[in-house]
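J.: I have a structure here, written as structure tokens, and I will follow up with some questions on it.
The values are calculated or read from the model by the stated rules, or taken from the named source; none is laboratory data. Small disclaimer: the values here were computed from a predicted structure and weren't measured. Glycine also receives a Cβ, built like all others from the backbone with ideal geometry; neighbour counts cover every protein chain displayed.
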């Protein structure tokens, strides 16, 4: 069962989303906060821009071994994603999910209409941390993304009974992450 705005607000008050933004206000920005059946999470002001060393344009990226030095650190109110490239970012909100909730992440259409794709990822029961978000620019031009504004919508799904083994139970490798976290094996 997909959870509605009243349930999400109630759970946020119990520490599931911190800081929590209520109903969005349109002020020329990209919406964030509570929606009818979800929550639009925001970007923090920290970014890791994929930037391989000169001469390594044709390198193969291996998710089991992505060199962290191939990413430049950027902090600011916005970030330019180079054409046909990507950045890693983190959510402004810290999430702490209950055992009987699963979350699916979907990109926002405002960015999708500019060629920006947000990786769709689940947040598993009892996972907690800042979400590391992979944001791809599929266009042939640089695209600007904005800190403190919405990047993706989270859809909260309740289950009939809690899972047998949660993310916390299996000591998941991305549990309680505080920073932008590169892939781990």
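J.: I'm trying to understand the selection: among the residues of the stretch 3-44, which are over 12 Å from residue 150 (Cα atoms) and part of a strand (DSSP E or B)?
T.: Those that are over 12 Å from residue 150 (Cα atoms) and part of a strand (DSSP E or B): 17, 18, 38.
J.: On to the next question. Would the stretch 99-107 turn up any residue that is out of contact with any helix residue (DSSP H, G or I) (no Cβ under 7 Å at 6 or more places or on another chain), assigned to a loop (DSSP other than H, G, I, E, B), more than 20 Å from residue 146 (Cα to Cα) and at pLDDT 90 or above? Give the derivation first.
T.: Taking the stretch 99-107 first, the residues out of contact with any helix residue (DSSP H, G or I) (no Cβ under 7 Å at 6 or more places or on another chain) are 99-107.
Now narrow it down to the ones that are assigned to a loop (DSSP other than H, G, I, E, B): 99-100.
Filter once more, keeping what is more than 20 Å from residue 146 (Cα to Cα): 99-100.
Now narrow it down to the ones that are at pLDDT 90 or above: 99-100.
Within the stretch 99-107, one or more residues are out of contact with any helix residue (DSSP H, G or I) (no Cβ under 7 Å at 6 or more places or on another chain), assigned to a loop (DSSP other than H, G, I, E, B), more than 20 Å from residue 146 (Cα to Cα) and at pLDDT 90 or above.
J.: Right, here's the next one. Would you pick out the residues in the stretch 103-120 that are within 20 Å of residue 175 (Cβ to Cβ) and buried (at least 17 other Cβ atoms within 10 Å of the Cβ)?
T.: 103, 105, listed by residue number.
J.: Within the stretch 50-62, is there a residue that is out of contact with any helix residue (DSSP H, G or I) (no Cβ under 6 Å at 6 or more places or on another chain) and either crowded, with 19+ Cβ neighbours inside 10 Å or modelled with pLDDT of 95 or more (or both)?
T.: Here is the first cut: in the stretch 50-62, the ones out of contact with any helix residue (DSSP H, G or I) (no Cβ under 6 Å at 6 or more places or on another chain) are 50-51, 53-62.
Still in the running and either crowded, with 19+ Cβ neighbours inside 10 Å or modelled with pLDDT of 95 or more (or both): none.
Within the stretch 50-62, none of the residues are out of contact with any helix residue (DSSP H, G or I) (no Cβ under 6 Å at 6 or more places or on another chain) and either crowded, with 19+ Cβ neighbours inside 10 Å or modelled with pLDDT of 95 or more (or both).
J.: Here is a further query. On the basis of being over 26 Å from residue 183 (Cβ atoms), modelled with pLDDT of 90 or more and surrounded by 11 or more Cβ atoms within 10 Å (Cβ to Cβ), does residue 20 make the cut?
T.: Numbers: over 26 Å from residue 183 (Cβ atoms): yes; modelled with pLDDT of 90 or more: yes; surrounded by 11 or more Cβ atoms within 10 Å (Cβ to Cβ): yes.
Yes; evaluated as a whole, the condition is true for this residue.
J.: Of all residues in the stretch 124-146, how many are surrounded by 16 or more Cβ atoms within 10 Å (Cβ to Cβ), without any contact (Cβ under 8 Å) to a residue 60 or more places away in the chain and either more than 10 Å from the chain's Cα centre (by Cα) or part of a loop (DSSP other than H, G, I, E, B) (or both)?
T.: Looking only at that region, the number is 8.
J.: Take the residues of the stretch 147-160 that are modelled with pLDDT of 85 or more and assigned to a loop (DSSP other than H, G, I, E, B): which is surrounded by the fewest Cβ atoms within 10 Å (Cβ to Cβ)? Give the derivation first.
T.: Kept after step one, since they are modelled with pLDDT of 85 or more, are these residues of the stretch 147-160: 147-158.
Keeping just the survivors that are assigned to a loop (DSSP other than H, G, I, E, B) gives 147-149.
On the way: 147: 18, 148: 14, 149: 20.
Among them, the one singled out is 148.
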